[in-house]
Each structure stands twice: as structure tokens, then as C-alpha cells.
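The values are calculated or read from the model by the stated rules, or taken from the named source; none is laboratory data. As the structure is a computational prediction, the values presented were derived from the model and not from experiment. Cβ atoms come from the backbone with ideal geometry, glycine included; neighbour counts cover every protein chain shown. Please note that ligands, DNA and RNA were not included when accessible areas were found on the heavy atoms of the full protein model with its side chains. Shrake-Rupley method; radii C 1.70, N 1.55, O 1.52, S 1.80 Å.
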Amino acid sequence: MSDDLPIRDAATLVLLRDPATTPKVLMGQRGTGAAFMPNKFVFPGGRVDDADREGDAGFLDPGDMVRLASDSAVPPQALATAAVRELREETGLTLVGAALRFFLRAITPPGRPRRFDARFFLCAADGIAGDPDDFSQADGELRHLGWIGLDAARDLDLPFVTKVALAELAEIVVDPTAARPVPFLDNRSAVSRFRAL
């Protein structure tokens, strides 16, 4: 496996439901034949398309705009637009006027069949237009779509970065208003670095 694969910009959207009582997140399972992370349970997300650069989906906090623009050639709103679009395609759910919170960035380590520079966004499920349990318009890329409790999600077959995201979410749920740095798992080279944005 070549370690010089292009690193593609990507965005992931984590929907959080019932955070004050029984926090749940929306996840699905990738197919057995998927080239990247087959059979793993993941959040909806994918690479940034050219059309996303024209979008303006979701409200981003000014601080998040600065963090997203740091060390990136992709406009922050393009990343937010990609996250919202991927959610719509993979789950059939649409967000309306929702506030997105940037809470994690991770670059796929060398040696994988594909590599992404993924930005993870958090959004309250209250921003969903329509029935949050209606996945009838999903494109089929993710199977077994459903709302899973944070504790139960940790027991699924997960990629490492998803485990990191769940750990961050658990901290955010405890104190959602606390100012927190955004962790960055920087695997651009063979030496993995952990930074805070």
C-alpha cells in the first residue's frame, strides 16, 4: 500500500439527540464491500465536493471559522456544507438553520487504502426538519442507521477516530458550554502528532 496517496478533505456530521437525559448519536454501518473501513460503524460523512465550495449550510461560530481555516485550503463554509450534504445523502435527513460545532480534526494515517483530512461537526438533532427516525430517503451507503446511546456506541465495531470522537462527545455532553480546544490527530507523515486547535 502506497503511503503517498492524496489526502482528501472531508467532513463528518454527528447528530446528538436527548443530550440532557439519554444522549444518543446517529450512526450507521458501512458495507462489507466498502473500500474504506468496511463493516465499521461510523457517523455520516464524506469528502468535500467542488459544489460544496459554493454552499452556505449551517451556522459556524467565529472561533470555529478561525480554527477551520487554520492550516487548510478549504473554506470553512465548504466543510460545513459538505457535512450537511453527506448527512442528507446518507441518512435522508435534512437540517434547517442548524448551528454546527467543530470539535475534532483527524487525518487518516499512511498505509490505508484512502486518506482523508476529516473535520467533525456536532449538531443538535433539534435542527432536523421532519421525523428524525425516517431514513427512507437514505442512499443506502450506510446500513443499520439508528440512534445509539453514547455508552452502547463504544461497544460497536468502530474505527479508532470514531472512538476518539465519542470520547470527545462524552466530555462535551457533561459541560456543553465549556470552552475546549479542538483535538487534531495529524497523520500527514509517518510520525503521528496530536495537537490542539
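The table that follows gives values for the structure above.
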| read-out | value |
| --- | --- |
| Where a residue in the stretch 68-79 is in contact (Cβ under 8 Å) with a residue 40 or more places away in the chain and its partner, wherever it lies, is outside any helix (DSSP H, G or I) and aromatic (Phe, Trp, Tyr), with Cβ under 8 Å and at least six apart | Leu68/Phe102; Leu79/Phe121 |
| Filter pass, Thr81 being open to solvent by less than 40 Å² (accessible area, probe 1.4 Å), of a type in the set (S, T, N, Q) and either closer than 22 Å to Val66 by Cα or in a strand (DSSP E or B) (or both) | yes |
| Index of the failed condition, Ala152 passing every other in (1) among the small types (Gly, Ala, Ser); (2) at pLDDT below 95; (3) in a helix (DSSP H, G or I) | (2) |
| One residue from Ala118, Ala99, Ala82 being of a type in the set (A, V, I, L, M, F, W, C), touching a Gly at 6+ places or on another chain (Cβ under 8 Å) and closer than 21 Å to Arg193 by Cα | Ala118 |
| Test result for Ala20, open to solvent by 60 Å² or more (accessible area, probe 1.4 Å) and of a type outside the set (Asp, Glu) | yes |
| Tally, over the stretch 113-145, of residues that are surrounded by 13 or more Cβ atoms within 10 Å (Cβ to Cβ), of a type in the set (Gly, Ala, Ser) and in a strand (DSSP E or B) | 2 |
| Selection status of Leu104, at pLDDT 95 or above, part of a strand (DSSP E or B) and open to solvent by 10 Å² or more (accessible area, probe 1.4 Å) | no |
| Asp157 in a loop (DSSP other than H, G, I, E, B), touching a residue at least 60 places away in the same chain (Cβ under 8 Å) and farther than 22 Å from Asp49 by Cβ | yes |
| Qualifying position, being aliphatic (A, V, I, L, M), open to solvent by 30 Å² or more (accessible area, probe 1.4 Å), modelled with pLDDT under 95 and in contact with a Pro (Cβ under 9 Å, 6 or more places away or on another chain), among Ala179, Ala196 | Ala196 |
| Any hit, the stretch 133-142, residues being more than 30 Å from Asp4 (Cβ to Cβ) and among the aromatic types (Phe, Trp, Tyr) | yes |
| Subset of the stretch 23-71 (residues that are in contact with an Asp or Glu (Cβ under 7 Å, 6 or more places away or on another chain) and either open to solvent by 40 Å² or more (accessible area, probe 1.4 Å) or part of a helix (DSSP H, G or I) (or both)) | Lys24, Asn39, Lys40, Arg47 |
